[in-house]
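The values are calculated or read from the model by the stated rules, or taken from the named source; none is laboratory data. Note that this is a predicted model, so its numbers are computed, not measured. In this analysis, Cβ positions are derived from the backbone assuming ideal geometry, glycine residues included, and neighbour counts consider all displayed protein chains. We work out accessible area using only protein heavy atoms, side chains counted, and drop any ligands, DNA or RNA first. Shrake-Rupley method; radii C 1.70, N 1.55, O 1.52, S 1.80 Å.
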Amino acid sequence: MTKNEEVIVPSGSILQVDSPEPTLLRVETLDPGRDYHTQSWKNGLGKTSEISIYPPNIDYRQDPFFWRLSENEIDADFNFPILLGYECTHIVLPNSNPRKSMIHLNHRGEEASTTIKPLFPYSWNSEWVTSCKVTNAPVTSLQFLIKRDLGTAQFSVDKVSNENNETGQKLILGAFALVYVVEGNVRIGLDENTSPQGYNGTLSPGQTLYVERDEDASPTSMLIQASDPNGAIGHRDHLEATIITIQITEIKPKGGAPSTHGTLSDYFAIQTHDASNTNTPGPSTPSAGLATHMEDRRLDPRRKPLVVYEDNPKLSSAAAAAADGKKEPVPSKSPTTTTKPTPNFDFLINHDTDVPPPVVRDRLIVEDFPKHSISTAWIKMVKQGLSEWLRLPVIVCRGTEDGPVVGITAAVHGNELNGVPCIHRVVSQIDVNKLHGTVVAVPCVNVSGYLKFTREFADGRDLNRYFPGREDGFASQVFCYQLMKKVISQFNYLIDLHTASFGRINSYYVRADMNDPVSATMARLQQPQIVLHNSGQDGTLRSAAAARGIRAITVEIGNPQSFQSQYIQWSYIGVMRILDHLEMYTLADYQSTTEDLIALGPPSTLLCSKGFWIYTKTGGVLEVYPDVNTSIKKGDMIARIKNIFGNVVDEYYAPCSGIVIGRSSNPVAMSGDRIVHLGVLKKKSESLPKEAKENY
């Protein structure tokens with residue numbers, strides 16, 4: 001081109017990107033001593049340091065979250081908690097142990113396990129049942145959780161050194177980036193030469209760089225260099241560092257109309273650019289209108305309660321009157337029931353027990369399990385028809401100091417299930433670092449009946465009529481004998497959890513020998529609707545334990561083959577009261593934070609000096625009139641039987657005044673079937689009989 005030639009410039013504008021400013025919304029160096037939130041696991045098997053979570057300042061076990069990064073120190077085998085909708089990534093960190101520390105993960109009970117070696121990211125669906133076995137404990141690892149429908153994460157493990165000016169250069173494209181320093185020191189620069197909002201800082205081992213940016217902005221360049229602790233990189237000495245980088249990208253709607261849930265900030269109803277503003281915005285905030293949509297569309301399914309049976313347990317007229325400060329009304333010929341509205345049991349959400357995988361043992365020996373930890377075991381009981389062991393599930397919670405051993409058993413009858421979630425809740429709430437003594441829980445005694453949804457054991461007999469059993473007896477007797485020998489013999493106290501059986505419904509009541517001061521105290525601490533004096537000597541687990549000097553009560557928790565939220569809560573808090581009374585575990589914190597007093601139990605308890613069942617004399621269609629916890633007077637009609645054509649063939653009247661402890665719920669009655677379990681209220685001047693039994 002000559003000087004005289006005219007330069008031809010193409011028409012039109014030069015296009016430039018309209019990138020939002022500022023690109024970087026928040027950059028912060030997170031320090032273990034200052035910013036990580038460390039908490040020991042309640043099961044004593046490790047501890048977790050939460051490095052960062054988004055949205056910030058929330059409890060990941062209770063609230064929905066986008067992602068969470070934590071550092072775990074694992075001391076023993078354990079099970080990962082199930083988190084619906086999340087992806088989990090684990091990175092084992094190197095340590096000074098000359099033998100390599102590794103973890104072995106088993107998903108969904110598959111035969112093969114996956115071995116996770118240091119610095120190899122491994123991801124899986126957090127909805128899978130996953131157990132972890134540890135080699136050369138303790139093992140330190142990073143754990144990253146992300147909600148799959150909100151975003152994705154990319155992981156890279158890099159080594160950088162000052163040889164040949166080797167650097168780690170990356171582009172940050174997503175909304176967040178996290179850089180964790182494993183070994184060495186690094187100097188990190190962000191958009192140093194291109195933006196006034198650039199960053200330059202030095203990180204030491206264990207620190208994390210948190211980067212939050214506008215995802216719609218231009219990519220952010222990141223330069224990582226090995227340095228000394230002061231950030232100098234021009235050393236002649238060899239410098240090397242290992243880092244883990246996590247880039248987090250928000251999932252955007254594909255095509256079509258704009259997203260109805262707005263930005264990520266709208267989803268969580270917070271202001272992203274202001275880390276201090278983590279509360280739900282008021283109505284004037286634009287994102288507030290989207291918070292309701294987020295709750296409807298995206299609410300974490302873990303917040304749904306476990307209960308599958310909605311009940312409305314009745315309070316007795318005496319209990320209701322006591323609650324209202326009134327004198328108990330005299331029941332009429334037509335029994336009535338006073339009810340209280342069922343309170344809201346939001347605290348019965350899925351509390352994971354966080355227990356480790358079980359070991360197999362020939363018998364339970366409490367001292368074989370480590371202190372300040374929760375352990376699980378399968379105890380070999382008897383050989384079944386395939387010549388394999390019928391095994392008993394046991395959870396052992398050992399505290400920091402020696403003390404009493406309290407046993408809790410459930411499902412001695414295979415279809416009596418309210419005790420199972422009660423045990424799960426007790427175990428999930430116990431922090432072994434604050435426990436004195438040992439709690440041993442057996443969530444299912446009658447495994448054979450449990451699997452067949454039946455009350456009876458494998459041979460068709462009722463286990464709770466054959467304790468303490470016989471070594472050379474029939475199948476039920478042998479099982480009872482082995483249970484007493486291998487498990488129950490370890491206890492100082494026993495709480496045996498039951499419900500009604502099929503065809504019957506129960507109140508929430510306790511059987512105990514009220515002439516024994518210790519058993520009487522345990523019964524009162526349960527704060528049931530009714531306490532029934534029963535001295536035992538009847539082949540039950542409770543009476544066999546008492547004969548061995550083990551203080552024991554039986555807790556009847558409502559109805560069979562179902563979960564009843566209120567009864568489960570009452571039985572749970574009753575167990576915790578007993579632990580508190582024995583100075584094993586404090587209950588003060590729970591009672592002080594519970595707003596709904598009915599959650600702590602019925603307002604009063606009725607004491608019955610004796611109880612008995614009323615049976616049918618003929619068969620037919622049975623109609624039972626009084627409900628449980630209803631007071632009745634002598635002469636009140638309690639039931640009728642009709643034939644199949646509708647003619648009344650028999651009527652039944654209360655032989656004395658009392659309280660209905662339980663009743664039949666099965667309309668089809670044979671001759672000799674149960675109608676009503678009637679409790680006789682103790683008089684103030686009455687002495688309880690030394691021997692008190694029931695006509696089961």
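Numbers below:
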| quantity | calculated |
| --- | --- |
| Flag for residue 536 being at pLDDT below 95 and either surrounded by 22 or more Cβ atoms within 10 Å (Cβ to Cβ) or in contact with a helix residue (DSSP H, G or I) (Cβ under 8 Å, 6 or more places away or on another chain) (or both) | yes |
| Cβ pairs under 6 Å, 6+ apart, first in region 380-398 and more than 16 Å from residue 362 (Cβ to Cβ), second assigned to a strand (DSSP E or B) and polar (S, T, N, Q) | 395/376; 398/438 |
| Test: residue 96 is small (Gly, Ala, Ser) and crowded, with 20+ Cβ neighbours inside 10 Å | no |
| Pair list, Cβ under 6 Å, 6 or more apart: region 116-128 residue more than 13 Å from residue 145 (Cβ to Cβ), other residue assigned to a loop (DSSP other than H, G, I, E, B) and open to solvent by 30 Å² or more (accessible area, probe 1.4 Å) | 118/94; 128/108 |
| Some residue of region 538-553 being small (Gly, Ala, Ser), without any contact (Cβ under 8 Å) to a residue 24 or more places away in the chain and in a loop (DSSP other than H, G, I, E, B) | yes |
| Residue check for residue 133: in a strand (DSSP E or B) and either among the acidic types (Asp, Glu) or more than 14 Å from residue 225 (Cα to Cα) (or both) | yes |
| Filter result (modelled with pLDDT under 90 and open to solvent by 70 Å² or more (accessible area, probe 1.4 Å)) within region 113-151 | 117 |
| Unique residue being in contact with a strand residue (DSSP E or B) (Cβ under 9 Å, 6 or more places away or on another chain), within 21 Å of residue 529 (Cα to Cα) and modelled with pLDDT of 95 or more when the list is 626, 602 | 626 |
| Region 361-392, subset among the aromatic types (Phe, Trp, Tyr) and within 24 Å of the chain's Cα centre (by Cα), residue least open to solvent (accessible area, probe 1.4 Å) | 369 |
| Those strands (runs of 3 or more DSSP E) lying entirely in region 602-686 with at least 1 residues over 30 Å from residue 572 (Cα atoms) and among the aliphatic types (A, V, I, L, M) | 606-615, 620-624, 637-642, 648-653 |
| Hits in region 211-226 - residues which are closer than 27 Å to residue 121 by Cβ and either free of Cβ contacts under 8 Å to residues at least 60 places away in the same chain or open to solvent by 40 Å² or more (accessible area, probe 1.4 Å) (or both) | 214, 215, 219, 221, 222, 223 |
| Residues of region 539-576 classified as hydrophobic (A, V, I, L, M, F, W, C), open to solvent by 10 Å² or more (accessible area, probe 1.4 Å) and closer than 25 Å to residue 504 by Cα, total | 1 |
| Subset of region 54-69 that is crowded, with 18+ Cβ neighbours inside 10 Å and over 20 Å from the mean Cα position of the chain (by Cα) - its residue that is farthest from residue 30 (Cα to Cα) | 66 |
| Test: residue in region 454-469 that is surrounded by fewer than 24 Cβ atoms within 10 Å (Cβ to Cβ), under 29 Å from the mean Cα position of the chain (by Cα) and assigned to a helix (DSSP H, G or I) | no |
| Filter pass, residue 433 being assigned to a helix (DSSP H, G or I), among the polar types (S, T, N, Q) and surrounded by 18 or more Cβ atoms within 10 Å (Cβ to Cβ) | no |
| Matching entry among 56, 94, 64 (being touching a residue at least 24 places away in the same chain (Cβ under 8 Å), touching a helix residue (DSSP H, G or I) at 6+ places or on another chain (Cβ under 7 Å), assigned to a loop (DSSP other than H, G, I, E, B) and over 30 Å from residue 400 (Cβ atoms)) | 64 |
| Residue ranges of strands (runs of 3 or more DSSP E) in region 483-524 with at least 2 members closer than 21 Å to residue 628 by Cα and open to solvent by 10 Å² or more (accessible area, probe 1.4 Å) | 504-506 |
| All positions within region 616-656 that are open to solvent by 50 Å² or more (accessible area, probe 1.4 Å), in contact (Cβ under 8 Å) with a residue 40 or more places away in the chain and not acidic (Asp, Glu) | 617, 621, 625, 633, 655 |
| Selection from region 393-412 of residues that are open to solvent by 30 Å² or more (accessible area, probe 1.4 Å) and either among the polar types (S, T, N, Q) or not in a strand (DSSP E or B) (or both) | 400 |
